[in-house]
1. For the range 254-301, which residues satisfy the criterion of being assigned to a loop (DSSP other than H, G, I, E, B), closer than 25 Å to Cys450 by Cα and at pLDDT 95 or above?
2. Quick one: in the range 79-98, of everything that is in a helix (DSSP H, G or I) and among the polar types (S, T, N, Q), which residue is modelled with the highest pLDDT?
3. Regarding Gly213, is this residue in a helix (DSSP H, G or I), in contact (Cβ under 8 Å) with a residue 40 or more places away in the chain and within 23 Å of the chain's Cα centre (by Cα)?
4. Val47 fails exactly one of the following numbered conditions: (1) over 22 Å from Pro424 (Cβ atoms); (2) over 27 Å from the mean Cα position of the chain (by Cα); (3) open to solvent by less than 50 Å² (accessible area, probe 1.4 Å). What is the number of that condition?
5. Taking interchain pairs and intrachain pairs at least six residues apart, which have beta carbon atoms under 7 angstrom, with the first residue in the range 86-108 and touching a residue at least 12 places away in the same chain (Cβ under 8 Å) and the second within 16 Å of ligand 2 (Cβ to nearest atom) and open to solvent by less than 30 Å² (accessible area, probe 1.4 Å)?
6. Go through Arg480, Arg439, Arg469, Arg451 for me and flag whichever is charged (D, E, K, R), out of contact with any strand residue (DSSP E or B) (no Cβ under 7 Å at 6 or more places or on another chain) and either within 16 Å of ligand 1 (Cβ to nearest atom) or at pLDDT 95 or above (or both).
7. Given the residues Arg224, Arg285, which is the only one that is within 15 Å of ligand 1 (Cβ to nearest atom), within 23 Å of the chain's Cα centre (by Cα) and open to solvent by 10 Å² or more (accessible area, probe 1.4 Å)?
Amino acid sequence: MIAQPPKNDNASFQLYPFRFRRLDGQELLVNEVGEFLFARAGTAGDVLRRCVPNDSALYRNLVAKQFIREDHGRNLDDVLATKYRTKKAFLGQGVGLHILVLTLRCDHACRYCQVSSKPLATPDCDMSLEDIERCIAFMMRTSGSTLTLEVQGGEPLAAPDRLRFLIEKAQCAATAAGKDMAVVVCTTLSMVDRGMLEFFRDRNVSVSTSLDGPQQLHDHCRIRASGGSYEAVVRGLGLAREILGMERISALTTVSSYSLRHGRQIVDEFVQQGFRTIFLRQMSRLGRAAAPQGLERYSIEAFMEFYFDALEYILSLNRSDTELAEAYAAILLRKILTPFPAGYVNLQSPAGPGTGVVVYHYNGDIYSQDEGRMLGELGDQSFRLGSVREDDPERMLQAPELVAMLRDSCSESLPGCADCAYLPFCGCDPVFNYVQQGRVAGSRPTNDWCRFNMALFDYLFRLIRGGDRQTQRILMAWARRVSASEVQQAGVGPC
Ligand code: SF4
Ligand code: SF4
């Protein structure tokens, strides 16, 4: 709910914009920059009516957190504006995340593959050297001083010469342009060898991989043509860690219907494999995942039951000194507990497509977000911006269609979001809305993405309010630990 100030000429303080939510008999008040406080039910109404004694702790708290401004106090509007600019610092910095699909070819044929991968021998599925160079030129023109190049597939290691060419050329161009560029390669690690990993080490390249759990769970969904996906991943992981070290490798889990009853086993596997972050990601509704072989589509309720049980378990492990953060919860915590944005393009407003992320498909087509190119493979080009062969970057990123999409996915103007207390921490996923509800704006009351986020915000705020000191320390550690590059590695990853 958003609090609307009544006209009151006798007020001794002014209101800053804030929203509130009832939670377990209390009220959670959140201002425009995400500062919050818990108070007894009815507090929002008292504030609006100016019925807060000015010698009360609540009054002092409201002033300190900039819910209200005393008429005769210091005018700190500029401080609030600075906080707002900090929260929205991702705007005006150019495109930060450039996802390049080097090839569609892959040695796997996972049941839920959302990128419509092709067998290794398929011709004409690799990006040409000329298009690679065009993409790099595009990146340099559209990015700010820092950017991440994320190389995806298919399996990028199926085209090793092109991968080396891309990384060398891109790093050279970034240095010449004075840009700070991180490179992440999304790979199953099943085709990796020592030579490539030494190249990654020398070029400061990070790796994002997929692990769906213990061997039987992983191999059920991740089908490798020559068999033994789990063994290949674990072998590649060992070699990668020997050469790159532990910190440059992250992994995510795709949660299939087959995984739903095994959340704790999946978590245990990540602990056993020495990861410090796990990303529990819903199975997509795109590509083969729209009709997965031998798997069922599942409801958001089933996923939430899985997710919250796994999250409870992860927290209990942390309380026993096992360091493991769930990446999505950590992203939300970073937004709630720190003044900074999280750098996660799927959870920001205005939405990330075309402003925070651009996707270069293997054939030179450019899309506004990763799921958009997946949709494109299915014949729906709604999120195609143009081609790296033909279009001018400035024109493409200012195209009326893109501007209209951003306008329609700006949370501040979306019914439901505009008066939601969680708006300062949330965002909008245009492709998700489009696929589930037929339009990029979506509709919150029946939106699974909103239902999950709302439940997770409620869960985290309950912990923030009622958790013991150890739990508070764990939450803050997660919020602080998740860096922008870690988020991008964990959040996008392979497929
Ligand atoms: S999900 Fe990834 S690894 Fe699996 S088939 Fe698709 S592209 Fe290959
Ligand atoms: S998507 Fe849902 S949780 Fe997020 S701001 Fe909108 S209404 Fe709130």
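The values are calculated or read from the model by the stated rules, or taken from the named source; none is laboratory data. Model, not experiment: these values are computed from the prediction. A quick note on method: Cβ atoms are made from the backbone with ideal geometry, for glycine too, and the neighbour counts reach across all protein chains shown. Side chains included, ligands, DNA and RNA excluded: accessible areas come from the protein's heavy atoms. Shrake-Rupley method; radii C 1.70, N 1.55, O 1.52, S 1.80 Å.
1. Passing the criteria: none in range.
2. Thr82
3. Details: in a helix (DSSP H, G or I): no; in contact (Cβ under 8 Å) with a residue 40 or more places away in the chain: yes; within 23 Å of the chain's Cα centre (by Cα): yes.
Here the answer is no, as Gly213 does not meet what is asked.
4. All conditions pass for Val47, except number (1).
5. Qualifying pairs under 7 Å: Lys87/Val33; Lys87/Gly34; Lys87/Pro424; Phe90/Gln348; Leu97/Val345.
6. Step by step, each of Arg480, Arg439, Arg469, Arg451 is checked, and only Arg451 is charged (D, E, K, R), out of contact with any strand residue (DSSP E or B) (no Cβ under 7 Å at 6 or more places or on another chain) and either within 16 Å of ligand 1 (Cβ to nearest atom) or at pLDDT 95 or above (or both).
7. Working: Arg224 fails: within 23 Å of the chain's Cα centre (by Cα).
When all the criteria are applied, what remains is Arg285.
For every residue, the table says whether it meets (1) in a helix (DSSP H, G or I); (2) open to solvent by 10 Å² or more (accessible area, probe 1.4 Å); (3) among the aliphatic types (A, V, I, L, M).
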| position | (1), (2), (3) |
| --- | --- |
| Ile132 | yes, no, yes |
| Ala137 | yes, yes, yes |
| Met140 | yes, yes, yes |
| Leu147 | no, no, yes |
| Val151 | no, no, yes |
| Arg162 | yes, yes, no |
| Leu166 | yes, no, yes |
| Ala176 | yes, yes, yes |
| Val185 | no, no, yes |
